[in-house]
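The values are calculated or read from the model by the stated rules, or taken from the named source; none is laboratory data. Here the structure is a predicted model, which means the values were calculated and not measured. Here the Cβ is made from the backbone with ideal geometry for all residues, glycine too, and neighbour counts use every protein chain on show.
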Amino acid sequence: MDIIKPKKIEKGSTIGIIAPSSCLSAIFPHRIHNAIKALKKIGFGVKEFGTIRKVKDWSAGTPEERANDINSAFFDGSVDLILTTIGGNTANQTLEYLNFKKIKKHPKIFCGYSDISIIHYALMKKSNLMGFYGPCAMTQFGEFPKPLDYTIDYFLKAVLKGKKIGRVVPSDRWTDEILDWAKKDDLKRARKLKNNPGFSWLKNGKAKAQIIGGCLSSIIHLIGTPYWPDHKNKILFIEIPEGQDFSKGEPLPNVDSYLTELRIAGIFEKIKGLIVGRPFRYNQNEVEKFKEIILENTKGYDFPICYGVDIGHTDPIITVPLGAEVELDSEEDVFRIHF
C-alpha cells in the first residue's frame, strides 16, 4: 500500500502547536513565545493546544490529555499543519489513545523530531501516514534572535505547495552549543556557529528507496510492538540525542547497544542504505569511536552509509518526509530527497 502523503500548505495556513511528550513548553514559555512570533513572521497563523501549558511530572499532562490534543489537531478543520513543541521521553504513552483509523481519514503534516519519532513510526504503521522528521517549536523556531535560515529553508521546501526538497546540500555552519533556558541566556545572544565539513561516506555505494528512521534511542522502544513499521527495502536514517547529562551526547556504550538491537532484530538485513545524522555534543575522539561502532554493527552488509547529515539534535536541520523516495550515491556525493 502506498503511503499517504498529506497536502502541502501555503503561506497563511494555520499551524497547530501541541506537546505530545515533555512539559518544557510550560516551564520555558519564552521559547514558545519566540516560536509563535517566528511562525507568524514567516506568514503562518498559529493555534495553541492545551498541553503546551500543562505540567504533570516530566510530561505535558496525562497520556490521555496529550493524545487528545494529537487527535484534536488532526480533526480540527482550522489546522493545516501540526507542529510539536519538543521531544521528551513519554510520547509512547499516547499511542494506545490515538484514533489511528480516523487520523488516516484526516491526513495532515505532522512535524517534530527526537522522541516524536515514536509517533511518526506509529502513524506510518497504523495510519499509513507520512510523518515529517523536522524542527520543533521550542528548539528550532524558538531560536534567538530568529530561527536558522537553513532549517527554515528546508522546512518550507518540505511543507509548502510548489516547493521541492531535491538535493540536500550540507549547511555551511552548525552548532550544538547549549545556552541555559532557565537563566534565559538564550535571550542574550545567538548560539555560536562553527564550520561544517559536510557529510561523508563510511561505506560507498548507491541506493534509491523510501526513507524511514528517527532518533535511535527512541525508535528501539517500538521493536516487537504493533507500532513497528516494515523496514524492508528502505533507507534508514538514525540520529543521536543528548545523554542523561544534557551537556553531553548519548553515551557511546548505549549507542553500541542500540545499534546491536537493530542488528539482532534483522533490520540491517532489510535496509538498502543508512544515513547517520551529525551527533550531538561529541568530541573528536567520540566522533571517531562512533564511526567505528557504526561500522562494527553493520559489518557484513554492503549498503552505503552516509554520515554527518544535518538531521536531529544539532542545528540547523533538514526536514525529512518519512516514506519519500530518497537517493544515495557516494560516487557523486549525493543525498537527494524526491519530494
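Of note:
- Among the conditions (1) closer than 26 Å to A91 by Cα; (2) surrounded by fewer than 19 Cβ atoms within 10 Å (Cβ to Cβ); (3) not acidic (D, E), the only one that N233 does not satisfy is (1).
- Counting only helices (runs of 4 or more DSSP H) wholly contained in segment 183-300, the ones carrying 3 or more residues that are at pLDDT 95 or above and under 18 Å from H120 (Cα atoms) occupy 216-219.
- Residues that are out of contact with any Pro (no Cβ under 9 Å at 6 or more places or on another chain) and either under 16 Å from E327 (Cβ atoms) or outside the structural domain of T314 (by TED's automatic domain parsing) (or both) do not occur anywhere in segment 192-201.
- Near pairs, Cβ below 6 angstrom, 6+ apart or cross-chain, from segment 80-108 (touching a residue at least 12 places away in the same chain (Cβ under 8 Å) and assigned by TED's automatic domain parsing to the domain that holds M138) to any residue that is part of a helix (DSSP H, G or I) and of a type in the set (S, T, N, Q): T85/S25; I86/T139; G87/S114; N99/N71; F100/S127; I103/S127; K104/S127
- Of all residues in segment 165-177, none that is in the same structural domain as G134 (by TED's automatic domain parsing) and under 23 Å from E327 (Cβ atoms) has its Cβ atom under 7 Å from the Cβ atom of a residue that is polar (S, T, N, Q) and outside any loop (DSSP other than H, G, I, E, B), 6 or more apart or on another chain.
- Residues of segment 303-339 satisfying the condition of being in contact with a Ser or Thr (Cβ under 8 Å, 6 or more places away or on another chain) and either in a strand (DSSP E or B) or at pLDDT below 95 (or both): I305, C306, Y307, G308, D315
- Among the candidates G142, G131, G77, the residue that is under 25 Å from A38 (Cα atoms), touching a strand residue (DSSP E or B) at 6+ places or on another chain (Cβ under 7 Å), outside the structural domain of I311 (by TED's automatic domain parsing) and small (G, A, S) is uniquely G131.
- Per-region count, segment 268-313, residues closer than 19 Å to P241 by Cβ, touching a residue at least 12 places away in the same chain (Cβ under 8 Å) and among the hydrophobic types (A, V, I, L, M, F, W, C): 9
- Selection within segment 159-216: residues that are small (G, A, S) and under 20 Å from T319 (Cβ atoms). The member of this set that is surrounded by the most Cβ atoms within 10 Å (Cβ to Cβ) is G214.
- Residue ranges of helices (runs of 4 or more DSSP H) in segment 46-149 with at least 1 members surrounded by fewer than 24 Cβ atoms within 10 Å (Cβ to Cβ) and in contact with a Ser or Thr (Cβ under 8 Å, 6 or more places away or on another chain): 63-75, 100-105
- Filter result (out of contact with any strand residue (DSSP E or B) (no Cβ under 9 Å at 6 or more places or on another chain) and either closer than 25 Å to T175 by Cα or acidic (D, E) (or both)) within segment 288-339: E288, K289, E292, I293, E296
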